[in-house]
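The values are calculated or read from the model by the stated rules, or taken from the named source; none is laboratory data. All figures in this text were calculated on a predicted structure; none of them were measured in a lab. Using ideal geometry, Cβ is built from the backbone for each residue, glycine included, and neighbour counts are taken over all protein chains shown.
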Amino acid sequence: MRKSLTVVLALLIVSAVASAAGDNTIGTWKFDTAKSVQAPGLSPIKALTVVRKAASGGGVETSVKGEREDGSKIETSYTGKYDGKEVTLTGPGLPYDTVTLTQVDADTVTDHRTKKGGVYVADGRFTVSKDGKTATLEVKGTGPDGKPFTSKSVYTKQ
């Protein structure tokens, strides 16, 4: 009986810690062009805002809105869970149309991005700073032109 109670108590503690971890990537994030290193092969981003909201049933609802230097719009959204399952994006402006999400911890989310029928494939890592004021998205992969790329995007929490 005592052993069962200890196991139940341990599970409750683990569950409480996991719930408290939360998701610090939730919020409105503004792209900082001056601090970012954009991938070649696409028109550079002129302005971009990413809004991440907690979705019912777990996961996150993400909307990405902005503009490239050539005037083309970025208006993409998706809702996905941190389960590694593929989600389809809607809207124009990004070189990929599917994404899978995994939460590493409260400050870090990784993703895998692909373009159905295309050559674009990349892995991203979105990490929120300890003070919660900035985040960095590092992406490495193969661009729409078939060439390898890396990028580093810096965001400021609004």
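Please go through the range 91-104 and give me each residue that is in contact with an Asp or Glu (Cβ under 9 Å, 6 or more places away or on another chain) and assigned to a strand (DSSP E or B), ordered by number. Before the answer, list the steps.
Taking the range 91-104 and keeping what is in contact with an Asp or Glu (Cβ under 9 Å, 6 or more places away or on another chain), we get 91-93, 98-103.
Result: Thr98, Val99, Thr100, Leu101, Thr102, Gln103.
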Looking at (1) in contact with a strand residue (DSSP E or B) (Cβ under 8 Å, 6 or more places away or on another chain); (2) loosely packed, with under 15 Cβ neighbours inside 10 Å; (3) closer than 25 Å to Gly22 by Cβ, which is the only condition Asp105 fails? (1)
Do any residues in the range 132-158 that are free of Cβ contacts under 8 Å to residues at least 12 places away in the same chain have Cβ atoms under 9 Å from those of residues that are surrounded by fewer than 16 Cβ atoms within 10 Å (Cβ to Cβ) and among the basic types (Lys, Arg), where the two are at least six apart or on different chains, and which pairs are they? Pro148/Lys140
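One line per residue, one yes/no per condition, for (1) part of a loop (DSSP other than H, G, I, E, B); (2) surrounded by fewer than 18 Cβ atoms within 10 Å (Cβ to Cβ); (3) at pLDDT below 95:
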{"site": "Thr110", "(1), (2), (3)": "no, yes, no"}
{"site": "Arg113", "(1), (2), (3)": "no, no, no"}
{"site": "Gly117", "(1), (2), (3)": "yes, yes, yes"}
{"site": "Asp123", "(1), (2), (3)": "no, yes, no"}
{"site": "Phe126", "(1), (2), (3)": "no, no, no"}
{"site": "Asp131", "(1), (2), (3)": "yes, yes, no"}
{"site": "Leu137", "(1), (2), (3)": "no, no, no"}
{"site": "Ser151", "(1), (2), (3)": "no, no, no"}
{"site": "Tyr155", "(1), (2), (3)": "no, no, no"}
Kindly indicate which of Tyr78, Tyr82 is at negative phi, touching a Ser or Thr at 6+ places or on another chain (Cβ under 6 Å), not charged (D, E, K, R) and not in a loop (DSSP other than H, G, I, E, B). Tyr78
Could you look through the range 49-89, keep only residues that are among the polar types (S, T, N, Q), surrounded by 12 or more Cβ atoms within 10 Å (Cβ to Cβ) and without any contact (Cβ under 8 Å) to a residue 40 or more places away in the chain, and pick out the one that is nearest to Gln38 (Cα to Cα)? Ser72
For the range 21-41, check the following and say yes or no: at least one residue is over 21 Å from Lys152 (Cα atoms), at pLDDT below 95 and among the aliphatic types (A, V, I, L, M). yes
